[in-house]
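Quick notes on the structure that follows.
The values are calculated or read from the model by the stated rules, or taken from the named source; none is laboratory data. Note that the structure is predicted; figures quoted are calculated from it, not measured. Reconstructed Cβ throughout: ideal geometry from the backbone, glycine too, with neighbour counts over all protein chains shown. Accessible surface is based on the protein model in full, side chains and every heavy atom, while ligands, DNA and RNA are left aside. Shrake-Rupley method; radii C 1.70, N 1.55, O 1.52, S 1.80 Å.
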Amino acid sequence: MTREKQTRSEQREAARAKAKELREQHKKGEQRKRLALQFGVGGALVAVVALVAFALISGANKEVVVPKNMMFNDGIKIGTNLEAFTADYTPAPGKAGANVPNIQIYLDYQCPVCQAFELPNASQIESWVKSGTATVEIHPISFLDGRGSPNEYSSRAANAAICVAENSPNSFFKFSGLLFKKQPVEGTAGPDNNALFETAKEAGVLNEAEIKDCIDEKRYGTWISDITTKALNENVPGTQYKLEGTPFVMINNQVFKTEVNSDFFSPARFAQFLQSSVVN
């Protein structure tokens with residue numbers, strides 16, 4: 001059986017039909033590609049939104065660990081015999097009784113000016129507090145992170161101090177002083193966590209294992225960031241003053257200032273200020 005030859009007209013119609021079929025197939029193919037692309041982009045967007053939502057929810061649900069012994073406007077208070085005030089312990093009043101001047105110090109452990117105030121004044125402040133002639137509130141904050149690479153010493157040291165305050169509060173005063181004696185150059189990485197723990201042991205801390213874990217996991221890092229923001233943007237509680245930098249030193253909510261810059265670091269000048277606050 002032979003196949004009849006198509007006429008020229010029939011050939012044209014067949015070619016048009018074939019072209020139409022190919023166009024339809026191409027059109028369907030492009031639609032499938034677009035759908036696949038849209039699904040892929042949409043899926044990626046959904047994934048991104050899901051991740052962001054998860055991060056936000058996780059952040060919202062992440063508990064900020066709040067230290068219980070930093071209960072004096074986010075600071076710790078030290079009294080007679082260098083013992084800390086805690087929720088369940090109040091140091092015995094010294095010879096002057098309970099109504100003694102209260103020294104308040106806001107500091108950053110990587111701040112060189114804080115060290116310049118601390119080192120010459122440490123012994124007399126220790127003497128006053130140990131005998132009950134005064135109390136001292138120490139408020140560690142952290143705003144010097146990132147000034148160097150890498151550098152998180154400011155917040156790591158503050159965290160270590162709070163770890164000691166929580167787990168061996170009567171060692172806090174000595175540990176805080178040692179941090180200034182061993183202060184690294186501003187903008188450098190500073191002692192690592194193991195070195196901070198060794199300093200804590202040098203201060204005679206109790207609960208060493210708990211303090212080591214607390215330092216390594218930077219347990220109070222978020223809290224430190226929050227209270228630093230608060231301290232730098234709000235008035236010092238009970239006063240009309242804002243921090244002008246660190247150290248920010250007050251006695252009974254009176255700011256310690258000197259007309260001559262070098263006098264700020266003078267133990268004699270600070271002792272005069274303490275005496276005037278007792279009179280007032």
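Is there a residue in the range 195-217 that is touching a residue at least 24 places away in the same chain (Cβ under 8 Å), aliphatic (A, V, I, L, M) and in contact with a Leu (Cβ under 7 Å, 6 or more places away or on another chain)? Outline the logic, then answer.
Within the range 195-217, the first condition is being touching a residue at least 24 places away in the same chain (Cβ under 8 Å), and the residues that meet it are 196-197, 199-200, 202-207, 210-211, 214-215.
Then keep just the ones that are aliphatic (A, V, I, L, M); that gives 196, 200, 203, 205-206, 211, 215.
Next, from what is left, pick out any that are in contact with a Leu (Cβ under 7 Å, 6 or more places away or on another chain): 203, 215.
Within the range 195-217, one or more residues are touching a residue at least 24 places away in the same chain (Cβ under 8 Å), aliphatic (A, V, I, L, M) and in contact with a Leu (Cβ under 7 Å, 6 or more places away or on another chain).
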Of the residues in the range 103-162, those that are open to solvent by less than 20 Å² (accessible area, probe 1.4 Å), touching a strand residue (DSSP E or B) at 6+ places or on another chain (Cβ under 6 Å) and either at positive phi or among the polar types (S, T, N, Q) (or both) come to Gln104, Gly132, Thr135
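Need a quick list: helices (runs of 4 or more DSSP H) entirely within the range 182-280 having at least 3 residues that are open to solvent by less than 70 Å² (accessible area, probe 1.4 Å), within 20 Å of Val100 (Cα to Cα) and at pLDDT 95 or above. Reasoning before the result, please.
Working: elements: 193-202, 208-216, 221-233, 267-279.
So the answer is 267-279.
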By residue number, the members of the range 167-181 that are polar (S, T, N, Q) and either open to solvent by 40 Å² or more (accessible area, probe 1.4 Å) or in a loop (DSSP other than H, G, I, E, B) (or both) are Ser168, Asn170
Within the range 124-141, restricting to residues that are among the hydroxyl-bearing types (Ser, Thr, Tyr) and touching a helix residue (DSSP H, G or I) at 6+ places or on another chain (Cβ under 8 Å), the one that is farthest from Thr228 (Cα to Cα) is Ser131
Yes/no for Val164 being closer than 24 Å to Gln124 by Cα and in a helix (DSSP H, G or I):
yes
Every listed condition ((1) of a type outside the set (A, V, I, L, M); (2) open to solvent by 50 Å² or more (accessible area, probe 1.4 Å); (3) touching a residue at least 60 places away in the same chain (Cβ under 8 Å)) holds for Asn99 save (3)
Those residues of the range 73-91 which are open to solvent by 60 Å² or more (accessible area, probe 1.4 Å) and part of a loop (DSSP other than H, G, I, E, B) amount to Asn73, Ala87, Asp88, Thr90
